[in-house]
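FYI, it's all coordinate maths here, none of it is from the lab. Note that the structure is predicted; figures quoted are calculated from it, not measured. In this analysis, Cβ positions are derived from the backbone assuming ideal geometry, glycine residues included, and neighbour counts consider all displayed protein chains.
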Amino acid sequence: MSTHTSSYRSWLGPLLWSVGLVVVALVFRGPLVDWFTGARVKDAPAREAPAATAHEAHGAQGHEQAQGPTGPALPTGPLPGVSVEYARAAFEATERMRLLLANDSLEGLDTRAREVAAALRAVAAELKGAEGTKGVESGAEAAERLAETKNLDEARARFGEVTRVLVGLAEADARLREGWHVFQCPMEKGFNKWVQRNQAMENPYMGRRMLACGVESEWKVAAKPKAPAPAPGEIAHYTCPMHPSVKQAGPGQCPICGMDLTPVTREELESGTVLIDSIRRQRIGVKTAPVKVGPMDLSVTALGRVTYDETALVDVTLKLDGYIHELHVDATGQPVKKGQALFTLYSPELYAAQQEYLLALKSQSAAKDSGAPERMDSLVHASRKRLELWGLTGAQLDAIAKKGAPIENLPFLAPASGYVLEKSVVAGAAVRAGDRLYRIAPLDKVWVEADVYESDLPRVKVGQEVMVTLPYLPGRTFKGRVGYIYPALQASTRTGRIRVELKNPELELKPDMYAEVQLKQEGGSRLQVPESAVLYTGPRRLVFVDLGEGRLAPREVKLGVHAGESYEVLEGLKEGEVVVTSGNFLVAAESRIRSAADHWSGGDHESH
């Protein structure tokens with residue numbers, strides 16, 4: 001046994017040494033080759049460091065980018081021409097890539113990445129070699145590398161490279177920031193920002209494992225240095241009042257017409273002041289008017305319609321069943337008077353009630369003779385009251401009692417005077433209790449309902465005097481007062497309805513006539529400017545003030561109420577100043593061309 005064991009150990013040792021040498025040779029084949037070929041000195045530093053993953057390599061690079069720019073410079077100002085539209089397309093495609101990475105998916109990522117690359121290539125083409133072109137091209141190259149990526153960690157690293165370029169573009173051009181939110185991932189070692197449409201955080205660098213990881217960040221926008229204010233009276237150039245295209249640094253004469261050149265100060269140039277002599281004003285139709293203080297008529301004019309007085313409408317309704325025997329009022333629009341017979345009605349139930357009433361009267365007469373009338377009196381009262389509730393008048397009941405026999409076809413009378421607005425019965429028709437046979441509308445008083453614009457409603461009060469005119473009655477004016485302001489607006493027209501009550505003794509006002517309603521209101525004395533003098537430039541209101549010697553300067557004003565052809569001026573003008581009322585659009589065009597002010601753009605680009 002011992003002999004066999006020693007023999008086994010004798011050959012096992014050399015075998016293990018041989019296997020070990022083969023393994024070492026395979027593992028360190030590269031360094032050994034470099035040793036014998038002389039490459040070890042050149043590549044030794046690179047070989048000594050352990051290989052890093054693609055994500056870690058990107059992290060180091062992105063960390064450098066976070067500290068300072070490591071790639072080509074990006075544009076520092078707004079993108080020219082249609083390049084901003086290409087950049088927006090890149091943002092949209094990147095948003096779809098972000099959604100894929102946030103859901104740990106690579107499906108379709110290559111297509112979106114190529115869309116981003118194409119859009120950034122188009123932006124670079126529009127820049128035409130200007131500042132930032134190489135930076136945009138580097139983003140396109142990163143997007144192309146991203147399209148070839150098959151590993152999720154590497155895809156996220158490449159996504160950061162693309163996002164760095166897009167964030168830089170957005171920080172240079174405010175138009176690209178509209179509708180986007182920027183976030184920052186504290187766990188990401190590389191470029192750790194991303195942009196997305198919605199405000200609910202979805203981290204593309206962490207994915208589903210830490211989807212809500214991150215904080216909302218801010219855009220880094222460099223503040224624009226303000227230009228120093230021009231010194232008072234500093235001359236920018238000299239020009240000709242007749243030929244403003246002529247500009248020269250010093251005084252002299254116009255080479256076209258020979259007139260002396262007029263100096264234009266930098267203050268006038270930046271404020272948008274233009275110089276137009278009297279002859280040019282006449283040619284382009286410039287007219288002026290003074291700003292004045294005077295009474296303002298704040299009357300409101302509205303379109304109305306004549307309608308019935310709803311509170312005076314009367315319906316004729318039966319309270320029992322029967323048959324129409326004869327119809328006295330047989331047409332819509334027919335006038336009726338109170339107490340006039342409308343129709344006669346035969347009703348078995350009504351006929352029987354008349355007989356009961358007559359029988360009660362006879363019984364009452366007999367009871368009086370016997371000396372016990374109390375019980376019979378109550379029966380007479382009950383039967384009479386029953387007929388009254390069915391619509392018979394006291395005169396009709398007395399006529400039945402005098403005749404001593406029931407009337408087979410009883411007439412029913414009009415309860416009010418007016419005109420038949422609706423008729424729903426014909427002779428011989430069977431009618432039932434509750435049927436509406438007529439609707440009667442008196443016209444001695446009518447309503448005029450007018451629609452007032454939402455902006456004018458605050459100036460309308462109940463009891464306010466109203467003047468009503470109708471195109472059908474030229475020269476006639478009807479006076480009334482606002483009786484009611486309806487509490488709701490008409491959704492389709494954004495108008496509020498008011499009601500005016502008018503007397504109509506001669507029946508001149510007929511329902512459905514159109515009317516013009518004017519609500520009188522005096523606004524007192526106010527500073528006002530003609531409506532034609534005001535120019536609209538976004539949220540601002542401008543007028544051109546005549547400064548004298550041919551100079552017209554734009555000035556921002558704050559306006560109040562609008563009445564007739566004038567605006568109330570709250571701020572910006574004084575009484576006696578002269579403003580342009582005609583031709584101001586041509587003056588504004590020249591001011592835009594010559595001015596460096598932001599009157600016409602609404603401020604700097606950031607506010608825009």
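About the centre of its Cα atoms, region 445-520 shows a dipole size close to 240 debye [charges on the beta carbon of Lys, Arg (+1) and Asp, Glu (-1) only; nearest 20 debye]. The equivalent ellipsoid that matches the C-alpha gyration tensor of region 445-520 spans semi-axes of 22, 13, 11 angstrom, in descending order.
Seen through its C-alpha gyration tensor, with square-root eigenvalues sorted a ≥ b ≥ c, region 391-467 comes out prolate because a/c lies at 1.5 or above while a/b is bigger than b/c. In this Cβ point-charge picture (+1 for Lys and Arg, -1 for Asp and Glu), region 319-434 has a dipole of about 200 debye about its Cα centre. Among the listed pairs Lys445/Lys479; Lys128/Lys150; Lys292/Lys558; Lys338/Lys423; Lys423/Lys445; Lys362/Lys403, those with a Cα-Cα distance over 24 Å are Lys128/Lys150. Among Trp194, Trp390, Trp219, the ranking by other beta carbons within 10 Å of each residue's beta carbon, starting with the fewest, stands as Trp219, Trp390, Trp194. Of Glu202, Glu575, the sequence from fewest to most neighbouring Cβ atoms within 10 angstrom is Glu575, Glu202. Ranked for footprinting exposure by Cβ neighbours inside 10 Å, fewest first, Arg499, Arg197 give Arg197, Arg499. In a shell of Cβ-Cβ distance under 10 Å around Thr262, excluding Thr262 itself, what net charge do Lys and Arg (+1) and Asp and Glu (-1) give? Taking every Cβ under 10 Å from that of Thr262, the sum is -2. Using the alpha-carbon positions of region 54-216, Rg (one decimal) and Dmax (whole number) come out as 14.4, 43 Å.
Show which aspartates and glutamates lie in cross-link reach of Lys247 when reach means a straight Cα distance below 19 angstrom and same-chain residues fewer than eight apart are skipped. Candidates past the 8-residue exclusion: Glu234, Asp260, Glu267, Glu268, Glu270, Asp277, Glu549, Glu590.
Give me the tail of P(r) for region 319-434 as a percent: Cα-Cα pairs with distance above 23 Å. That tail contains 37 percent of the Cα-Cα pairs. Could you name the lysines in cross-link range of Lys220, using Cα to Cα under 22 Å and dropping any fewer than eight places away on the same chain? Counting by Cα, and skipping residues close in sequence, Lys220 has these lysines nearby: Lys134, Lys189, Lys193. Dipole check for region 54-216: with +1 at the C-beta of Lys and Arg, -1 at the C-beta of Asp and Glu, and the Cα centre as origin, the magnitude is about 140 Debye. Each other residue within a Cβ distance under 11 Å of Pro75 adds +1 if Lys or Arg and -1 if Asp or Glu, for a net charge of -3.
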